[in-house]
Amino acid sequence: MVQFTVWDIFSNLLIATEWTIILSIIAFVCGGIVGLVLLFARTSGVRPLVFVTKIYIEFFQGTPLLMQLFLFFFGIALFGIEVSPWMAATMALTFWTSAFLTEIWRGCVESIPKGQWEASTSLAMTYFEQMRYVILPQASRIAVAPTVGFSVQVVKGTALASIIGFVELTKAGTMLNNATFRPFLVYSLVALIYFCLCFPLSFMAKKLEGRLNVAR
Amino acid sequence: MSLVSIREVRKSFGPLEVLKGVSLEVAKGDVVAIIGRSGSGKSTLLRCINGLETFQSGAILADGLEVGGMHTDVRELRRHVGMVFQQFNLFPHLTAAGNVMLAPTVVNKTSKKEAAEIAAEMLAKVGLSDKRDAYPSQLSGGQQQRVAIARSLAMRPKVLLCDEITSALDPELVNEVLRVVEQLAKEGMTLILVTHEMRFARDVGTNLVFMHHGKVHETGVPKEVFAAPKTPELQQFVGGIG
């Protein structure tokens, strides 16, 4: 029987960590782009747009991420389209992330005083111009800290992709456990790696929050 | 021919009717001071003129454009009707010059260079040439309000609406703003002001409008109206102010 050293386990986990990081970044960036589009729709005041966006957000916030992964993985397959675990995980995490980011950002947009909208309206600016030149430059300052804070949730959310067979950190942990029968050691190392990924992010969010308080 | 023509405008917030058939004609070069108790509908009337508020019936024509009309380009309307607010509402992330330049560059597609010239001209007009690179947070209330006036003027509006623009200012800062408005009046700018500055309304205004319970209650030449108010409500209002 092959003997695994702690280093063997750890180095294999690190290799899988790469996929956790890649999945996190893609979900966060794509989720951010989709979230920004949704934000414009959500705050547009155009009733049908607001309505559709609300339903979208309610769906992705109000159902478990795991179930969303299943829906993308098994659901799309029902239409005869082959979906790889990678695709399903990317799509589910992107949409899930976008729903939360839209809500975070909507809060930031709505915290901008009404007078800013009225002044820019009076200057004949359109909704897009107001968002682009007046509202978002101010709202984005407020949004940085909670957005970075939420990225921690995205990193942890990628762990669920292991259940549909995508090999990232958690899945690698499960596989190594099956080979070594040392669950406590393996999952401790897995947890440690997640912590090392997330701590800098939450630390940065804290720092940014502090900086915002002294900003003008 | 009136520059702004308000005819029988009615406006309700839910069950509360705040404008009960207001009519008002403003000619080019007029300086109209609207006075009245809080809740008399004066700010709402002003906000109807540039379409910040909608109204249920009646009509408003501003520079020939029907406010709230089916075929009216609201963007075109607002380019001709400037507005200055009680709370300044400067854009805090932009400098004084940046505030003034934004609408010309974004809305009118003026070049940066030309917009900078407009900003310099307008800031000079309000006496703040030395503050072009200051952010709103670095300016006093009076200076902020003067930048706000410059920002409106940069769009070269035909009429400027001023909504209690000195009410949020410390008393010692009121005059610097009023002097700017007075200068604008002298240059022939059409102004519609909602104000609590009675002395200013009397000295600078060409028309006085006293609003009461959502209606134009009394109107006339400011000096005459103040000297001899006809209605008991205005007598009481003027008397109450002292």
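No value in this document is a laboratory result; all are computed from the given coordinates. Here the structure is a predicted model, which means the values were calculated and not measured. Every residue, glycine among them, receives a Cβ derived from its backbone with ideal geometry; neighbour counts consider all protein chains shown.
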| request: For chain B, take the alpha-carbon Rg, divide it by the Kirkwood Rh, and send me Rg/Rh. | output: 0.97
| task | Find, to one decimal place in angstroms, the Kirkwood hydrodynamic radius of the range A:52-94, where the mean of 1/r is taken over every pair of different Cα atoms and then inverted. | result | 10.8
| note | Between B:THR110 and residues 5 or more places away or on another chain, the pairs with built amide H atoms under 5 Å apart involve B:THR105
| request: Kindly state, to the nearest 0.05, the FRET efficiency for A:ILE25 paired with B:LYS215, given R0 = 60 Å and r defined as their beta-carbon distance. | output: 0.45
| field | With 5 Å bins from 0: P(r) over chain A, alpha-carbon pairs, percent | value | 1, 7, 13, 15, 15, 14, 11, 9, 6, 4, 2, 1, 1, 0, 0, 0
| task | Using a 10 angstrom cutoff on alpha carbons, build the Gaussian network for chain B and name the most mobile of B:PRO136, B:PRO232, B:PRO157. | result | B:PRO232
| request: Enumerate the amide H contacts of B:ASN50 below 5 Å, restricted to partners 5 or more residues apart or on another chain; note that Pro and chain-start residues carry no placed amide H. | output: none
| Where the only charges are on Cβ atoms (+1 Lys, Arg; -1 Asp, Glu), what is the dipole of the protein assembly as shown about its Cα centre, to the nearest 20 debye? | 80
| Spin-label pair A:GLU18/A:THR63, simplified geometry with 7 Å Cα→Cβ offset, distance in nm | 3.4
| Alpha-carbon centroids, the range A:116-178 and the range B:137-203: separation in whole Å | 42
| note | Any trypsin sites (Lys or Arg not before Pro) in the range B:149-231 that lie in a DSSP loop and have at most 14 other Cβ atoms within 10 Å would be B:LYS230
| query | Can you list the aspartates and glutamates whose alpha carbon is less than 16 Å from that of A:LYS156, not counting same-chain residues fewer than 8 positions off? | reply | A:GLU18, A:GLU168
| remark: Quick calc, the range A:1-127, dipole around Cα centre from Cβ unit charges on Lys, Arg (+) and Asp, Glu (-), nearest 20 debye, gives 440
| note | Most fluctuating of B:SER111, B:SER40, B:SER167 in the GNM of chain B (C-alpha, under 10 Å) is B:SER111
| task | Would you list, by chain and number, the aspartates and glutamates whose Cα falls below 13 Å from the Cα of B:LYS113, excluding same-chain residues fewer than 8 positions away? | result | B:GLU121
| request: Set the Förster distance to 60 Å, then compute FRET efficiency between A:LEU185 and B:VAL238 from the Cβ-Cβ distance, nearest 0.05. | output: 0.10
| field | Projected label distance in nm at B:GLU76 and B:SER12, using a 7 Å step from Cα toward the beta-carbon | value | 3.3
| Mind listing the phi-derived Karplus ³J(HN,Hα) values for the range A:44-56, rounded to whole Hz, using 6.51, -1.76 and 1.60 with θ = phi - 60°, and x for any glycine or proline? | 6, x, 7, 3, x, 4, 4, 4, 4, 4, 4, 5, 4
| said: Need one value for B:81-89: mean number of C-beta atoms belonging to other chains within 10 Å of its residues' C-beta atoms. | reply: 4
| query | What ³J(HN,Hα) values, in whole Hz, does the Karplus curve 6.51 cos²θ - 1.76 cosθ + 1.60 give for the range B:71-82 when θ = phi - 60°, with x put for Gly and Pro? | reply | 10, 7, 7, 5, 5, 4, 4, 6, 5, 9, 10, x
| task | Equivalent ellipsoid semi-axes for the protein assembly as shown, as square roots of 5 times the alpha carbon gyration tensor eigenvalues: give them largest first, rounded to whole Å. | result | 60, 24, 18
| field | Positive dipole terminus of the range B:103-158, leading residue within B:LEU153, B:ILE118, B:GLY141 (C-beta point charges) | value | B:LEU153
| field | Part-to-part distance (alpha-carbon centres) for the range A:50-85 and the range A:13-27, which is given in Å | value | 22
| request: Collect residues whose amide H, placed 1.01 Å from N in the peptide plane, falls under 5 Å from the amide H of B:LYS28; neighbours closer than 5 in sequence don't count. | output: B:LEU3
| Violating pairs (Cα-Cα greater than 32 angstrom) within the set A:LYS114/B:LYS131; B:LYS42/B:LYS112; A:LYS207/B:LYS125; A:LYS114/B:LYS112; B:LYS11/B:LYS131; A:LYS54/B:LYS109 | B:LYS42/B:LYS112; A:LYS207/B:LYS125; B:LYS11/B:LYS131; A:LYS54/B:LYS109
